[in-house]
Amino acid sequence: MTNKATFDEIFEQNKRRIHYQIHKLNIKDPQGEYFQEGLCAMWNAYESYQPDKGPMSTYFNYIIRNRLIDLLRKQTREYNYSKEIILENRTLIDDGNHKRLGEAYSPISYVSDHLLNDPYLLPFIKSQLTENQWKWVYYFIIKDKSIKYIATREKTTIDAVKSWGKQVKKKFKKNKDLRAYIIEGI
């Protein structure tokens, strides 16, 4: 006849072991989910413990720690997956582009290709810009080329190309006629 302790006795003696492992793994457990997982792991360890294999405390530590790590990995994987899904859906909904209005962000309206084919819009915009500013609009906005590509093509520095872009943005902000023409076209 074996003198095996009941699980209630084992639990009372070892419940701090679960809290220790949670703390050691730096896990925040406000809902007690990890403690519950540790308790299940302790029960499984209690059921499968073989005294000839080593001390019970070492076995409990090993089983509890690994179960907590498994749960942590599973939840991290689920969190990362849901983050990717949310990002993909947000990108599909608003094309991923935003403008800031105070504290809120709102989607930037998508400029369709028929606006670029408008026979009056591009010549009007070009007439309002310098040659270098137009190059920035043409390559960066219309042709979707990188700043590095433009700098290499025009044999200038990246900072110079960025400066062209800043000047264009300033002109769009200041020139109400230009903004109104573009908005009416949209």
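Can you tell me which residue in the stretch 20-63 is surrounded by the fewest Cβ atoms within 10 Å (Cβ to Cβ), limited to those that are of a type in the set (A, V, I, L, M) and at pLDDT 85 or above?
Taking the stretch 20-63 first, the residues of a type in the set (A, V, I, L, M) are 22, 25, 27, 39, 41-42, 45, 56, 63.
Narrowing further to those that are at pLDDT 85 or above: 22, 25, 27, 39, 41-42, 45, 63.
Details: Ile22: 21, Leu25: 13, Ile27: 17, Leu39: 17, Ala41: 22, Met42: 21, Ala45: 19, Ile63: 21.
Among those residues, the one meeting the criterion is Leu25.
All told, Ile10 falls short of being β-branched (Val, Ile, Thr), surrounded by 14 or more Cβ atoms within 10 Å (Cβ to Cβ), free of Cβ contacts under 8 Å to residues at least 60 places away in the same chain and within 18 Å of Arg73 (Cβ to Cβ). Look at the stretch 48-68: where a residue is in contact (Cβ under 8 Å) with a residue 24 or more places away in the chain and a partner is hydrophobic (A, V, I, L, M, F, W, C) and part of a helix (DSSP H, G or I), sitting 6+ places away or on another chain with Cβ atoms under 7 Å, you get Phe60/Met42; Phe60/Ala45; Ile64/Ile18; Ile64/Ala41; Ile64/Met42; Arg67/Ala41; Leu68/Ile22.
A quick yes/no check of all residues on (1) in contact with a strand residue (DSSP E or B) (Cβ under 9 Å, 6 or more places away or on another chain); (2) within 30 Å of Gly32 (Cα to Cα); (3) modelled with pLDDT of 85 or more; (4) of a type outside the set (Lys, Arg):
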| site | (1), (2), (3), (4) |
| --- | --- |
| Gln75 | no, yes, yes, yes |
| Asn80 | no, yes, yes, yes |
| Val137 | no, no, no, yes |
| Lys143 | no, no, no, no |
| Ser146 | no, no, yes, yes |
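For the stretch 33-57, the tally of residues that are part of a helix (DSSP H, G or I) and over 39 Å from the mean Cα position of the chain (by Cα) stands at 8.
The values are calculated or read from the model by the stated rules, or taken from the named source; none is laboratory data. These numbers were taken from a predicted model, which means no experiment stands behind them. A quick note on method: Cβ atoms are made from the backbone with ideal geometry, for glycine too, and the neighbour counts reach across all protein chains shown.
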